[in-house]
1. Among all residue pairs at least 6 apart or on different chains, which show Cβ distances below 7 Å where the first residue, located in region 124-151, is closer than 25 Å to residue 235 by Cα and the second is modelled with pLDDT under 75?
2. Pull out all pairs, ordered by first then second residue, where Cβ-Cβ is under 7 Å, the residues are six or more apart or on different chains, the first lies in region 232-243 and is assigned by TED's automatic domain parsing to the domain that holds residue 141, and the second is exposed (fewer than 12 other Cβ atoms within 10 Å of the Cβ).
3. Here are 407, 449, 423, 461: which of them is at pLDDT 95 or above and either under 21 Å from residue 492 (Cα atoms) or buried (at least 22 other Cβ atoms within 10 Å of the Cβ) (or both)?
4. Just to confirm my filter: which helices (runs of 4 or more DSSP H) fall fully inside region 115-190 and include at least 2 residues that are at pLDDT 80 or above?
5. Would it be correct to say that residue 276 is exposed (fewer than 14 other Cβ atoms within 10 Å of the Cβ) and either at pLDDT 85 or above or part of a loop (DSSP other than H, G, I, E, B) (or both)?
6. Give me a count of the residues in region 315-346 that are surrounded by 24 or more Cβ atoms within 10 Å (Cβ to Cβ) and within 20 Å of residue 283 (Cβ to Cβ).
7. Show me the helices (runs of 4 or more DSSP H) found entirely inside region 504-611 where at least 2 residues are closer than 19 Å to residue 477 by Cα.
8. Taking the condition touching a helix residue (DSSP H, G or I) at 6+ places or on another chain (Cβ under 8 Å) and under 21 Å from residue 525 (Cα atoms), does residue 492 pass?
């Protein structure tokens with residue numbers, strides 16, 4: 001019986017699920033009670049600590065012991081004929097269902113019956129944001145909350161969200177004004193139980209901009225108000241009734257009114273006296289299509305539809321540079337989100353180039369163009385890191401608040417072996433947007449590559465506490481090296497989630513390197529042929545020692561080559577061939593080698609990577 005089958009038979013997974021649901025329910029109930037009795041903050045911290053510690057204990061207990069008619073006994077003392085694990089499994093299923101009903105009841109009570117209470121323990125990203133923010137709130141700090149859609153059609157919500165984001169993007173350019181990121185502010189969308197004061201405290205800002213949008217036909221009413229949250233005082237409010245073709249004028253008016261109010265009412269010292277809003281397009285229909293598509297792109301939802309909306313936008317106004325740039329991003333992201341009905345790479349390349357030709361300051365277009373900087377060589381594609389880094393440098397130069405450009409450049413540095421530079425870029429990404437969890441994920445990945453196990457652990461625990469936990473192939477050998485067998489097994493399952501995935505063989509090879517795993521290679525190749533997973537070929541072939549069978553797919557992040565634990569790979573010629581084929585060596589020869597590598601003569605090099 002395989003390890004996974006044994007986990008299932010002993011009800012380990014069921015216990016884990018039931019424990020998680022019960023723990024969440026207990027935390028919410030205790031939080032409700034703590035709020036009512038004004039209990040000190042350490043009560044919840046202590047409870048959460050106990051629950052976290054108890055989770056692995058519960059899993060180990062369910063593995064080692066079994067509930068029998070005679071009481072709890074060690075599992076190895078129970079014969080298979082006398083085992084009643086199937087009955088226990090049914091009881092655990094019933095218990096989980098009952099707990100889920102309780103969860104639903106608590107959510108209803110929390111959201112609708114007690115709307116005025118302070119934010120719950122699981123309020124969106126608040127703990128993450130507090131940990132990243134300066135505890136001293138500055139007078140010149142502001143958050144732009146998503147404006148409420150007051151239109152008769154709920155489908156118009158994209159427009160109210162779009163206007164909110166446009167205003168945020170305007171204010172973030174004002175010198176001397178600190179603006180909470182979109183990810184942070186929009187986390188509070190549809191959270192009526194959280195007060196403005198609580199949001200301001202979570203985001204560590206002194207001022208909040210909120211409002212509403214009502215659109216009907218070719219007219220729009222936008223109401224906005226600026227609140228000094230420290231004194232619960234309205235600094236400014238205004239209602240604009242205009243034609244849609246005045247939308248950029250309205251944005252200009254609101255942004256300038258905010259700057260004036262902060263300067264006159266609070267005496268905030270800002271370098272700019274006014275904000276100028278250039279019209280992105282003269283076609284209102286094209287602009288609405290752009291806002292609608294951008295909302296889908298931000299949510300990584302229905303990207304095929306987003307591409308079509310943006311294609312309609314640029315057809316209405318071929319000079320609309322921002323729409324071309326957004327089209328390039330939507331098309332680039334499509335295949336990664338299983339949208340493959342068209343040649344989206346070609347769409348992305350053409351859209352990025354068009355955007356740059358119309359306006360060389362389009363940061364998103366430069367960012368997307370960087371992903372297609374490669375040279376064709378026979379059957380392989382070699383990354384041109386010089387061109388990639390140049391394009392990303394331009395993306396950051398034109399918009400140094402483009403957090404994704406910092407993320408992509410940081411990953412590029414890591415691929416090239418310059419992990420410290422990569423970390424610096426990723427930290428800048430988080431400085432711009434503390435709630436950008438993908439940046440934090442890559443910070444953890446680079447710590448794994450550098451052998452910083454404690455730092456990596458801290459990052460992934462933080463991500464898990466924030467509800468963002470995803471395993472990648474490099475996690476599995478990292479966990480195996482530390483002897484964390486159960487976590488490694490769960491991560492191996494998570495990476496594929498396919499019933500025929502050779503997880504058992506992969507884990508065995510990682511635990512016992514250096515043996516002959518040719519039969520496992522054949523099984524892995526059959527699985528990959530039937531159900532290809534990007535990134536899994538290198539992970540499996542590394543473990544099995546089949547370095548000559550490693551296949552590098554275009555677009556695959558290359559920094560896995562630096563993970564410790566595979567000395568045989570780095571001593572083989574395959575490592576050097578990969579480094580040369582992907583253009584990494586060419587970059588080194590022109591710009592210098594990373595700390596762990598050095599040139600040997602004119603034609604060779606060597607690298608020292610932790611075993």
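The values are calculated or read from the model by the stated rules, or taken from the named source; none is laboratory data. Remember, predicted model here, so these are calculated numbers, not experimental data. As a convention, Cβ positions derive from the backbone with ideal geometry for all residues, glycine included, and neighbour counts pool all protein chains shown.
1. Close Cβ pairs satisfying both conditions: 139/266; 139/268; 140/268; 140/270.
2. Correct list of pairs: 243/218.
3. On the way: 449 fails: at pLDDT 95 or above; 423 fails: either under 21 Å from residue 492 (Cα atoms) or buried (at least 22 other Cβ atoms within 10 Å of the Cβ) (or both); 461 fails: at pLDDT 95 or above.
Checking each option against the conditions leaves just 407.
4. 157-171, 182-186
5. yes
6. Residues that pass the stated criteria total 8.
7. 518-530, 536-544, 567-571
8. Spelling it out, residue 492 is indeed touching a helix residue (DSSP H, G or I) at 6+ places or on another chain (Cβ under 8 Å) and under 21 Å from residue 525 (Cα atoms).
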